[in-house]
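Heads up: the structure comes next, in structure tokens.
The values are calculated or read from the model by the stated rules, or taken from the named source; none is laboratory data. These numbers come from a predicted model, not from an experiment. Here Cβ is always computed from backbone atoms with ideal geometry, including for glycine, and neighbour counts include all displayed protein chains.
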Amino acid sequence: MGLENGGFEPELLKKVLEASKALTGGLEETALCLYGSRVAGYAREDSDYNVLILLDQYSEGVRYYSRDLNGREGSCLIADKELFEMDVKAGSLGEFLAGRLIPPYLSLKGKSYLWRMEVALKKRICLEEMEELILEHGELSRGLMFKPEYVAISRMKRRMMVYPPLRYSYTMLLTGGLKEKNMKRIMPGFKQALKELESEGTVKLENGLIQPSDNFVDKVLSRRSVERVVNVLERSRRAIHTYLMHGRAGRVNLDSLAKELTFKLARGLLTTPEKLGFEDPRRFLYLKTALGLTSMGERSPALKALEGFRRGVKAALKPLGGALNEVYLATVDDERFVVKRFSDWYAFKWFPLNIVALGARYFSVSGRERLSNEYGMTCYMSDRGLPVQRILHVNLQEKTLIKEYLDGVNYSKLVRKALKSNSPKEDSFQEAGTFMAHAHSYDVTLGDAKPENLLLGFKGVIALDLEQASKGGDKAWDIAEFLY
């Protein structure tokens, strides 16, 4: 966000305006701002003053110049307005120009224009960061919520990983006492962008947290396999464009550019976030449960989480079975819970020989993916009034869910009873059909609708296993699987 005067002396600001006029030959600037360490508060005594000058139809496109500003070097970046707007809207220059509006800046000319560009840039960043989250977490995204700070921190971390020279700047920007001050300047543009996305139905805002809408999740997941490839290529393209633009603007000579590119290609992609000494954006991510929000980085073991429900009471576990998952009945005091740990199926050598016996048509073999399916479809169905087993705790590291325990009659027992009876009761089977039709009306395919996966209880018919459930899919298979 642009500042009013940033605490700079009027004489310095006058020098900046004079330098701009001299460099541009008196042409009227579309916008002019100061940015960098001097504005963000982490400058050293010998730090440059960084100036961005935007001109309409600048023939050289992008160019760096140095000028003396009050006895200090002024690094002036002049850019064509159209190129700048292309970078804002699509990252066409690797955010070489637009990225200067992510941290705080001081508007000297064109304040309203720069604000519009800042919001447009941060709106695109919000969309891209949410797409990355959805591509990474799949159906889990239906219950995912995040603080607005997530998109800012995540994008800065992503940029410093693909362009290492930014590491010092971004790390200093959010160091110590500067963090709160600078985040207050950075976040208004992101918050305005998120408000616009809310009005467009892309996100929902709730108590200061953001949740991607189901429609947006559906849109991203529908092109998931393509997006994974495109996103990697796009990230690489932007990284290289950032380096090339530094060379084109005259900031880096060709030898330095070649060396830096070699270093980037050899080591940059292998650098882990933990080595950067930068805040982990994941601490701003949460998952919804029936008991409230839980951190996406939650690491509490299931037993410890259960005992947290009833202080001072030990939990007792009893295996409930499960073809390929570890499913337990947990008792804490007099209350019962279901603990489900999602194993990776490809770890079982005998799995391909027995897959037909499991009953489903298509399978997610990854434990993490099946947990995502179960969690995401539980959230989706619950939001639409369909009866579900409420999820009370999520631990992604252990691939474990804790769910409420429900009393009732399993449909496998009802089927056996009906087969032995001369006059079976049809009501319970009509209820199962109604439940399935209701789920299908919301485009939910249960995926594994065997009778043993359905329960008739006080809530009505409940699907006990949603790990193969999905939006879309073959609804006829659900019916065939239940009947045959």
Determine whether residue 73 is among the charged types (D, E, K, R), closer than 26 Å to residue 167 by Cβ and more than 34 Å from the chain's Cα centre (by Cα). yes
If I filter region 392-430 down to residues being part of a helix (DSSP H, G or I) and touching a helix residue (DSSP H, G or I) at 6+ places or on another chain (Cβ under 6 Å), which single residue comes out as surrounded by the fewest Cβ atoms within 10 Å (Cβ to Cβ)? 412
Region 66-174: helices (runs of 4 or more DSSP H) wholly inside it with 3 or more residues that are touching a His at 6+ places or on another chain (Cβ under 7 Å) and at pLDDT 95 or above are none
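For (1) of a type in the set (D, E, K, R); (2) crowded, with 19+ Cβ neighbours inside 10 Å; (3) over 19 Å from residue 40 (Cα atoms); (4) out of contact with any Ser or Thr (no Cβ under 8 Å at 6 or more places or on another chain), each residue gets a yes or a no:
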| residue | (1), (2), (3), (4) |
| --- | --- |
| 94 | no, yes, yes, no |
| 101 | no, yes, no, yes |
| 104 | no, yes, no, yes |
| 112 | no, no, yes, yes |
| 117 | no, yes, yes, yes |
| 120 | no, no, yes, yes |
| 126 | no, yes, yes, yes |
| 135 | no, no, yes, yes |
Residue list for region 8-29, filter: outside any helix (DSSP H, G or I) and surrounded by 14 or more Cβ atoms within 10 Å (Cβ to Cβ): 8, 27, 29
Only one of (1) touching a Ser or Thr at 6+ places or on another chain (Cβ under 6 Å); (2) at pLDDT below 85 is not met by residue 264, so which one is it? (1)
Based on what the data block shows, is residue 32 among the hydrophobic types (A, V, I, L, M, F, W, C), assigned to a strand (DSSP E or B), in the same structural domain as residue 169 (by the TED database) and over 18 Å from residue 14 (Cβ atoms)? no
I'm trying to understand the selection: among the residues of region 118-127, which are over 18 Å from residue 105 (Cβ atoms) and either touching a Lys or Arg at 6+ places or on another chain (Cβ under 8 Å) or of a type in the set (A, V, I, L, M) (or both)? 127
Could you please give the count of residues in region 175-200 that are over 14 Å from residue 278 (Cβ atoms) and part of a helix (DSSP H, G or I)? 18
